[in-house]
Every structure is written in structure tokens, then in C-alpha cells.
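All remarks here apply to the structure that follows.
The values are calculated or read from the model by the stated rules, or taken from the named source; none is laboratory data. This one's a predicted model, so the numbers in the text were calculated from it and none came from an experiment. Note that each Cβ is placed from the backbone with ideal geometry, even for glycine, and that neighbours are counted across all protein chains shown. Side chains are part of the model used for accessible areas, which takes the heavy atoms of the whole protein and leaves out ligands, DNA and RNA. Shrake-Rupley method; radii C 1.70, N 1.55, O 1.52, S 1.80 Å.
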Amino acid sequence: MIHEFKGVFITKYCPKCNRSSDDVRFIGQFCEYCVIDRIGSDLPKEIKIPLCRSCGRIKTHIGFVASSPDSLDDAVRFSIHRPDFEVSLVSYDKATSIAVVQFEKEVEGEPVQFTKDIEIKFTNILCPLCNRERSGYYEAEIQLRGIYSKLSVMEKRILDFVNKNGSFVSQIKEDKNGVNIYIGSRDVANAFFQSNKKLKPIKSYELYGLKAGKRVYRNIYSLRFE
């Protein structure tokens, strides 16, 4: 900072780089550039962001979500994990994998803002949802019985609803009795019937394991179409 004495400005010189306060802003005894070098010295040159090789979702602070500018910004902040800074994604060049990331914090009562080029490396994995889908996992079963043409229409409605609401169908079984649809999330299965209140399924439960010492059940819904 430039001091004033009897109307005269005294020029300061940075003890590290010798820059003059006539040319750059000072924060305490050091110029802004040296302050940025110091506080940004341990920031990463590259970060790794998990990317599901099956569905293309990326990992953010709330889990795996569809890739978008907003979710990439979240994933960058989550991967850098520096709560002492305000972090935001300025831009990302897919061709070079370089992200321009802005950092901001207060130093000696002064706001300091700067950008840094960081390489993003996407690590291909299976997200929990896709891993469950491939393993045949399911929490709910919908049994459709009756006239085949009506079953086909209902099957499509169920599949569309499940896909639009972030779950999956791990298996569909057809036999002479009808169609059984196995759904990854009981909450999504419940939501389907909540949004289609005219459907009146017979509901039952099936024990399939223990979690933290408690019994865990699958929901079974039976619908008949005459």
C-alpha cells in the first residue's frame, strides 16, 4: 500500500521481486503478484474427475450427475477442495483438457483474485447406479398381468417414468403369466404410482437381506388388466 506523508506519496518496493507500488497494487509489504504466487503455490496443476464410462455422468459434491457447464463447475470445485478459496470455473477447453479456474480470497483485509490453468483428467469408472444396474440389483418389482396389449402400453409408461427419474430397470421378464419389471429404486417405483393414482396395485414385500442389522425389503406391486 502507498503511504502518504504531508501530501507526498512514498513509493514502496516489493522485497521479493522489487516491483514498485507505482506500477502494481501492494497488499501489506508485498506486491499483488508475489502475494498471488505465495497463496497459490500449493494449488494443483491437475485434477481428476470420476466419469462414468457407461452413462457419462460426472462426480460432483452431490454424487454423479449429467455433465453440463454447471455440473462441471461443481465437479472442479469438489475435486480441488479448497474451502479457504472461493473457486469457480471460468472456461474449459475440451481439446486441451485445460480448465481456467478462478480463485478468490481475502489477504490482510484485501480481496485477491486470480486465475490458474488446471488440467482435468477424467477417470473412467462405473458410477454406483450403473454398477447396480449391471449387477441386476433391484429394490422394487412391478408385476403386470392380464390382457397383453394393455400390459405392453403400461410397460412402456413404467420404463419412460423410471428413465426420466434417475433410476434404471435391471431386468424385464416375460412369461405366460405376464411381465415382471425389476426397478433399481423403490422410491421411483412408489413415485410412479403416486403420479398415477388411478392405478390400484396390490402391494406386498419380500425380505432380501440385512443392512446395519436391520431387515431390508423389496416392494412388490401387482397390477391386473382385464
Test set (1) without any contact (Cβ under 8 Å) to a residue 40 or more places away in the chain; (2) loosely packed, with under 14 Cβ neighbours inside 10 Å; (3) out of contact with any helix residue (DSSP H, G or I) (no Cβ under 8 Å at 6 or more places or on another chain) - H61 fails condition number: (3)
Test for K48: is it closer than 30 Å to E133 by Cα and open to solvent by 40 Å² or more (accessible area, probe 1.4 Å): yes
Residues within the stretch 1-18 that are in a loop (DSSP other than H, G, I, E, B), at pLDDT 90 or above and open to solvent by 90 Å² or more (accessible area, probe 1.4 Å), tallied: 3
Qualifying residue in the stretch 147-161 (condition: acidic (D, E), open to solvent by 90 Å² or more (accessible area, probe 1.4 Å) and either at pLDDT 90 or above or more than 33 Å from the chain's Cα centre (by Cα) (or both)): no
Any hit, the stretch 206-218, residues being in contact with a helix residue (DSSP H, G or I) (Cβ under 6 Å, 6 or more places away or on another chain) and within 24 Å of C130 (Cβ to Cβ): no
Residue that is most open to solvent (accessible area, probe 1.4 Å) [pool: residues in the stretch 206-224 that are within 26 Å of K150 (Cβ to Cβ) and of a type in the set (S, T, Y)]: S222
Residue list for the stretch 176-189, filter: open to solvent by 50 Å² or more (accessible area, probe 1.4 Å), within 19 Å of L129 (Cα to Cα) and of a type outside the set (K, R): D187
Strands (runs of 3 or more DSSP E) within the stretch 161-226 that include 1 or more residues charged (D, E, K, R): 169-175, 202-211, 214-225
Exclusive hit being out of contact with any Ser or Thr (no Cβ under 8 Å at 6 or more places or on another chain) and of a type outside the set (D, E), set Y208, Y182: Y208
Neighbours by Cβ (under 7 Å, 6+ apart or cross-chain): first from the stretch 155-169, of a type in the set (V, I, T); second crowded, with 18+ Cβ neighbours inside 10 Å and part of a helix (DSSP H, G or I): I158/F192; V162/V188; V169/V162
Residue in the stretch 77-92 that is among the charged types (D, E, K, R) and loosely packed, with under 13 Cβ neighbours inside 10 Å present: yes
Some residue of the stretch 19-39 being surrounded by fewer than 12 Cβ atoms within 10 Å (Cβ to Cβ) and assigned to a strand (DSSP E or B): no
Strands (runs of 3 or more DSSP E) wholly inside the stretch 97-152 that include at least 3 residues being out of contact with any Pro (no Cβ under 7 Å at 6 or more places or on another chain) and acidic (D, E): 110-125
